[in-house]
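Novice: This is the structure I want to talk about, given as structure tokens.
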Amino acid sequence: MNNAKPLAYFAITIGFMIFLVWSYILLKGAVPEYSHHPTETMFHLVVEYCTAIMLIISGLRVLLIKGQGEGMLLLSMGMLFYTLVNSTGYFVDRAGKDILIVYVILLVPAIYFTVFAFHGSRKKS
């Protein structure tokens, strides 16, 4: 499925970005919510890291193994959509509405690449 390649590159890029951003935030100790809501914060971090890992692995599978990984890529994009929508509500309350722009900038191409990969140009019979 050639239409999945742009989505695979996007998934790998976003996966690494999520991993790097959260690793930086954790190393910096900039997660004040942990002291007030440790369980909720830990689950949020697990979801973020699982999403990043799934995005990277599924993107690599699509690019490196012909005919493999499209289903996993679709699942990982679903995880990304959940993470983006959930994080938007979480961070808009804490960081202000400016962060909303960042999440929209990520969500719009995620939707576009996903729709193109799975419903893009079809062969006519």
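The values are calculated or read from the model by the stated rules, or taken from the named source; none is laboratory data. Keep in mind the model is a prediction, meaning the values are calculated, not measured. Cβ placement follows ideal geometry from the backbone for every residue including glycine, while neighbour counts extend to all protein chains displayed. Ligands, DNA and RNA are excluded from the accessible area calculation, which covers all protein heavy atoms including side chains. Shrake-Rupley method; radii C 1.70, N 1.55, O 1.52, S 1.80 Å.
Novice: Which is open to solvent by less than 80 Å² (accessible area, probe 1.4 Å) and within 13 Å of the chain's Cα centre (by Cα), of LEU55, LEU75?
Specialist: Residue meeting the stated conditions: LEU55.
Novice: For the subset of the range 87-125 comprising residues that are of a type in the set (Ser, Thr, Tyr) and closer than 30 Å to VAL31 by Cα, which member is modelled with the highest pLDDT?
Specialist: TYR103
Novice: Could you give every pair whose Cβ atoms fall below 7 Å, whose first residue belongs to the range 26-53 and is farther than 20 Å from PHE16 by Cβ and of a type outside the set (Gly, Ala, Ser), and whose second residue is assigned to a helix (DSSP H, G or I) and open to solvent by 90 Å² or more (accessible area, probe 1.4 Å), counting only separations of at least 6 or pairs across chains?
Specialist: Qualifying pairs under 7 Å: THR41/TYR34.
Novice: Within the range 12-52, restricting attention to residues that are under 17 Å from VAL85 (Cα atoms) and of a type in the set (Gly, Ala, Ser), which residue is surrounded by the fewest Cβ atoms within 10 Å (Cβ to Cβ)?
Specialist: GLY15
Novice: Can you name the number of the only condition in (1) over 22 Å from ILE105 (Cβ atoms); (2) part of a helix (DSSP H, G or I); (3) in contact with a helix residue (DSSP H, G or I) (Cβ under 7 Å, 6 or more places away or on another chain) that LEU26 fails?
Specialist: (3)
Novice: Can you tell me which residues in the range 58-72 are closer than 14 Å to ILE14 by Cα and open to solvent by 60 Å² or more (accessible area, probe 1.4 Å)?
Specialist: Matches in the range 58-72: LEU60 only.
Novice: I would also like to ask the following. Is it true that ARG61 is part of a helix (DSSP H, G or I), over 15 Å from the mean Cα position of the chain (by Cα) and at pLDDT 85 or above?
Specialist: Yes; evaluated as a whole, the condition is true for this residue.
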